[in-house]
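J.: Before anything else, here's the structure in question.
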Amino acid sequence: MFSFSISKFLKPDRVVPHDEETYYMTEAEAKELSVGFNQQLKQCSVQIEEFNNRNQSLKEKLLQTSKRNKKMQENTAQKEEELKHMENDLINRKQYLEQLEARLNQSSQDITNENWKEDIEQAKISIENSSYDRLRTNIFSLLNHLKDLEAQKLSLQTENEIINKKITETKEKEYRPLECKNCKSIFIPIQNHDMACSYHPGKLKYYSCRGCGEDAYMNCCLKCKKCSEGCKISHHVA
Ligand SMILES: [Zn+2]
Ligand SMILES: [Zn+2]
Ligand SMILES: [Zn+2]
């Protein structure tokens with residue numbers, strides 16, 4: 001590492017006889033040696049500084065990677081939770097629809113009930129009787145009620161079909177792999193999050209990279225893709 005050799009000794013702390021002086025360094029030589037040591041020391045500290053910086057950036061990279069992983073896991077869990085919620089909602093709606101259908105059946109049974117037939121027969125027998133009008137009103141109101149229930153059932157069925165379709169679409173959309181416009185990698189939307197994508201927003205320029213000296217860099221950070229996979233972190237964009 002040291003580029004010079006020491007061929008003479010430093011003068012001892014005593015009066016040196018004249019004929020011995022050639023064994024020892026002159027003041028100028030001692031000065032030169034000292035300057036040389038200083039330069040070596042400076043180089044060493046520059047190298048140490050570089051190592052420190054590299055170490056620091058590796059540590060940051062590691063921290064980012066683990067943050068990113070954690071975020072991805074959280075995100076996936078949250079989206080799965082949402083899907084589950086939608087599915088539960090659908091189950092509830094289905095149950096409500098079943099109840100409604102049961103009520104509808106009940107109403108149909110009521111109207112065809114023997115009691116009603118008897119009433120109608122009675123009404124027929126006493127056709128001049130004013131209770132026939134009352135009966136007819138009842139029948140009409142029951143029929144209207146049935147119509148309402150049918151309409152309600154139909155609209156609920158339609159709504160359920162729409163929700164079902166939405167769930168299927170959402171699921172398909174969340175799991176269909178897409179290519180990211182920014183980093184060009186393939187990603188699955190359900191796993192996408194704010195730290196999933198690192199990319200260079202700038203353009204490729206043919207100048208030396210500030211990191212490694214490669215003959216092209218991205219003009220956003222003046223580094224090549226080898227030195228930095230991206231100077232900006234975001235979510236993937238398709
Ligand atoms: Zn960049
Ligand atoms: Zn580089
Ligand atoms: Zn991306």
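Computed from the coordinates by the stated procedures, all read-outs in this text should not be read as laboratory data. All values derive from a computational prediction rather than experimental measurement. Reconstructed Cβ throughout: ideal geometry from the backbone, glycine too, with neighbour counts over all protein chains shown.
J.: Please work out the Cα center distance from segment 194-238 to segment 163-180, rounded to the nearest Å.
T.: Each part's Cα centre sits 31 Å from the other's.
J.: Another one. Nearest 10 degrees, 0 to 90: what angle lies between the long axis of helix 131-175 and the longest principal axis of the chain (Cα atoms)?
T.: The two axes meet at around 20 degrees.
J.: Taking neighbour Cβ counts within 10 Å as the exposure measure, how do 7, 234 sort from fewest upward?
T.: 7, 234
J.: May I ask for the angle, rounded to the nearest 10°, between helix 27-112 and the longest principal axis of the chain, with both axes built from Cα atoms and the value confined to 0 to 90°?
T.: Once rounded, one gets 0 degrees.
J.: Tell me, what is the percent relative contact order of segment 177-238, built from C-alpha pairs under 8 Å that lie six or more residues apart?
T.: Here the relative contact order equals 38 percent.
J.: For a quick size check, give me the Cα extents of segment 177-238 along its three principal axes, largest first, whole Å.
T.: 38, 16, 15
J.: Just want the ordering: 237, 46, from fewest to most Cβ atoms lying within 10 Å of their own Cβ.
T.: 46, 237
J.: Using Cβ counts within 10 Å as a stand-in for footprinting exposure, how do 198, 208, 66 rank, fewest first? Please report the intermediate quantities before stating the final value.
T.: Values: 198 17, 208 13, 66 10.
Final ranking by Cβ density, sparse to dense: 66, 208, 198.
J.: Less than 14 Å Cβ to Cβ from residue 187, Lys/Arg counted +1 and Asp/Glu -1: what total charge do the surrounding residues give?
T.: Net of charged neighbours comes to +4.
J.: Related question: Give me the dipole magnitude in Debye, nearest 20, for segment 177-238 about the Cα centre, with unit charges on the beta carbon: positive for Lys and Arg, negative for Asp and Glu.
T.: 200 debye
J.: Quick one: which of 71/171; 171/226; 42/70; 181/223; 165/203; 173/223 span more than 31 angstrom between C-alpha atoms?
T.: Working: 71/171 20 Å; 171/226 36 Å; 42/70 42 Å; 181/223 20 Å; 165/203 42 Å; 173/223 35 Å.
As for pairs spanning more than 31 Å Cα to Cα, those are 171/226; 42/70; 165/203; 173/223.
J.: Measuring from label point to label point, each 7 Å out along Cα→Cβ, what is the residue 50 to residue 34 span in nm?
T.: 2.9 nm
J.: Taking the 0 to 90 degree range and rounding to the nearest ten, how far is the long axis of helix 114-125 tilted relative to the main principal axis of the chain, both from C-alpha atoms?
T.: Orientation of helix 114-125: about 40 degrees from the principal axis.
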